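Following: one structure in structure tokens, then a few remarks.
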């Protein structure tokens, strides 16, 4: 009768064969483990394999990066011949060729630890295949919107300001992207916000109101190609580019 | 800021505490040079916040490398910084930031979690995501690697906006609709809203720590020609200790500046 064994592999290389001779076999990064894997992705005490009658049970010992059996994160499960156990970046192949009554795999403890874990970054997308087929429909990045403001009258030296920033500020202050003048114009008069779905203007401060097509801006207002913006003595026009 | 630490023993607590302290210090000390690439499309304030989060990442990563007890520790970070009408939102991990405006709840952050990435790529459906066993796996954390990619955005605040920051202890248990309802029901009492949200998560069997911060924004009456924003920032911390206290979220109140 062949004894069950574990084959420790790293990528395609077989590193070690370990016969399962003890009732409990521990896996971890430090010396006291039966199977020592020196890798930072492996917890000091990562997992163990316990013999229970003629079955072998794999238990994760609350490891940081988790233990995966055949690509599935498990806390505890019965091992079957040919199962691949992923620990950090290493694989342990479980071999138990003795005939056994077929037992459906059950995760003994399905209540996964609620503890948040960091996915081991190097292995990021490998050990956990998504359910169903993996026909990834990677989203295409939508082409970026382009817009700008051209000063029609009352500007201070500026003619055309491209709206490349997430927020573009119009006002009297030093930090303003669109320089404005006027006694009642605020340091920050208005702010134009660039979103994936368009440009939006908000009046911010100063007693001089921001108007779009002659209407005072309340809250946030979406800008349309050709809109006329007035504040203080400055008139400007918003445009979009293809 | 909300930071939800992860890592064995009390390493998670150490990581989240380091994050909050490092970020705060670097933000306030404006003489320090910025770390990492300057992002032209974002304001100088936002670039400083990005820089401070990158610094925190290095500090936690290095501490983890030096100290075997702290190896592999990490933390999420979700932060808002308000300067007048402009709010910077920056985050890493799965602690979320919501904006509640005119009765509508909008999530401002995309979780850096395996499930949400799978969802974004169209690999799984929303239902599968909700039932997924991988919900607790995050793909980015401060301290996990030498460098970090931080998500940042800028928003314009309007009068009566509310900002909610929270750890996954809340959002794993309480649905967005319920968060929205609780916040709106307790419109004038952010502290009570936070308490009720935490209670709700616990009632649904929440086992993880919960941190909730609700910021209520009001536009002040113009006094000196300019408008100033007054932030009533209320902090709610309701952490129900986990059996072993494996993770410990750290909290700080939202930063308000004019």
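Summary of packing: across the peptides A:183-192, B:105-114, B:33-42, the per-residue average of other C-beta atoms within 10 Å ranks them, highest first, as A:183-192, B:105-114, B:33-42. Inter-chain neighbour count for B:135-142: the average number of beta-carbon atoms from partner chains within 10 Å of each residue's beta-carbon is 5. Computed on the stretch B:43-117, the Cα convex hull volume stands at 111 Å³ per residue. Taken along the Cα-to-beta-carbon direction at a fixed 7 Å, the label points for residue A:241 and residue A:70 span 5.6 nm. With each label modelled as a point 7 angstrom along the Cα→C-beta vector, the residue B:30-residue A:3 pair spans 7.1 nm. The distance separating the Cα centre of the stretch B:90-106 from that of the stretch B:109-142 comes to 17 Å.
Peptide B:40-50: average number of partner chain Cβ atoms within 10 Å per residue?
Numbers: counts 2, 6, 3, 6, 1, 1, 2, 0, 0, 0, 0.
That average works out to 2.
Extension gain, residue B:69-residue B:218: 0.36 nm per intervening residue step, less the Cα-Cα distance, totals 49.1 nm. By the count of neighbouring beta-carbon atoms within 10 Å, fewest first, B:102, B:24, B:155 end up ordered B:102, B:24, B:155.
The label point for residue B:107 and the one for residue A:216, both projected 7 Å from the Cα toward the Cβ, are 3.8 nm apart.
Readers should treat all values here as calculations from the given coordinates under stated rules, not as data from a laboratory. What you are looking at is a predicted structure, and each value in this text was computed from that prediction instead of being measured. Neighbour counts run over all protein chains shown; Cβ positions are idealised from the backbone, glycine included.
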